1. I'd like the carbon and sulfur percentage of the solvent accessible area for the chain, probe radius 1.4 Å, heavy atoms only, ligands and nucleic acids excluded.
2. log10 I(q)/I(0), Debye, Cα-only the range 1-42, no solvent, q = 0.16, 0.33 Å⁻¹?
3. What shape does the range 1-101 take by its C-alpha gyration tensor, where a ≥ b ≥ c are the square roots of the eigenvalues and a/c under 1.5 counts as rounded, a/b above b/c as prolate, and the rest as oblate?
4. So what is the relative contact order of the range 109-188, in percent, for Cα pairs below 8 Å that sit 6 or more residues apart?
5. How large are Rg and Dmax for the range 46-145 when calculated on the C-alpha trace, in angstrom?
6. Hey, can you find the accessible area per residue of the chain for me, probe 1.4 Å, expressed in square angstrom?
7. If you line up the Cα atoms of the range 98-156 on their principal axes, what length do they span on each, largest first, in Å?
8. Tell me the mean residue ellipticity at 222 nm calculated for the chain from its helices only (DSSP H runs of n ≥ 4, each -39500 (n - 2.57), averaged over every residue, nearest 500).
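The values are calculated or read from the model by the stated rules, or taken from the named source; none is laboratory data. Values in this document were obtained by computation on a predicted structure and should not be read as measured data. These area figures cover heavy atoms from the full protein model, side chains too; ligands, DNA and RNA do not enter into them. Shrake-Rupley method; radii C 1.70, N 1.55, O 1.52, S 1.80 Å.
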Amino acid sequence: MRNLIHFVHTSIDGRIQGPNGEFDWAEMGPELSAYSVELNAQLDTLLYGRRVWEMMAAYWPTADQVSDHPHDRAYAPRWRDTEKVVVSRTLERVDVERTTLIRDDVPAAVAALKERPGKDIVLMGGAALAGSLAAAGLVDEVRVCVHPVALGGPHGALATDGTRLNFDLVGTRVFDGRVVESTFRARR
């Protein structure tokens, strides 16, 4: 069975976006970018909730053509080549190549996705989706990159709607002298 890893960037106040939904605060320095490449080597499927999907789909298909940032130029081709799965009750379709839409019975669909052969699945974004999948016992690992900014935004990293979940800390790293990544395994 493949692992489902929730990979999330947060502020020091535990928020995943600013008060107006902005995500312009996560800085990809050379070490964090290299870590992203390392993480991408262990996955073959990216999983998104609708809001993060819309942000990603608006940028990554052509990021290497519009950005001079080394991370963007390196990551965009990998993103295009990777299978993507979007969970949304409101989207009717997704128009990006190599992308599948899940609209109904999300826990069963994600469980079936985990059963398929392949590498790990990485969930990027979607506090409610991450929380509901974690509460259903489908999230195996959470990797949190804490950036040195306080946002005061409305959403935390893992919205479990009151379900208590236990994890074990299995590692920490510091990237670029400013971002702390902690890895937690779900306690089963």
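1. Working: 4810 of 9570 Å².
With neighbouring chains kept in place, the figure for the chain is 50 percent.
2. The Cα Debye sum returns log10 ratios of -0.56, -1.14.
3. Numbers: a/c = 1.28, a/b = 1.11, b/c = 1.15.
It is rounded, given that a/c, with a ≥ b ≥ c, falls under 1.5.
4. Working: 97 pairs, mean separation 25.7, N = 80.
After rounding, I find 32 percent.
5. So, for the range 46-145, Rg and Dmax equal 13.9, 41 Å respectively.
6. Details: 9570 Å² over 188 residues.
Heavy-atom SASA per residue in the chain reads 51 Å².
7. Projected onto the principal axes, the Cα atoms of the range 98-156 cover 39, 26, 24 Å.
8. It lands at -8500 deg cm²/dmol.
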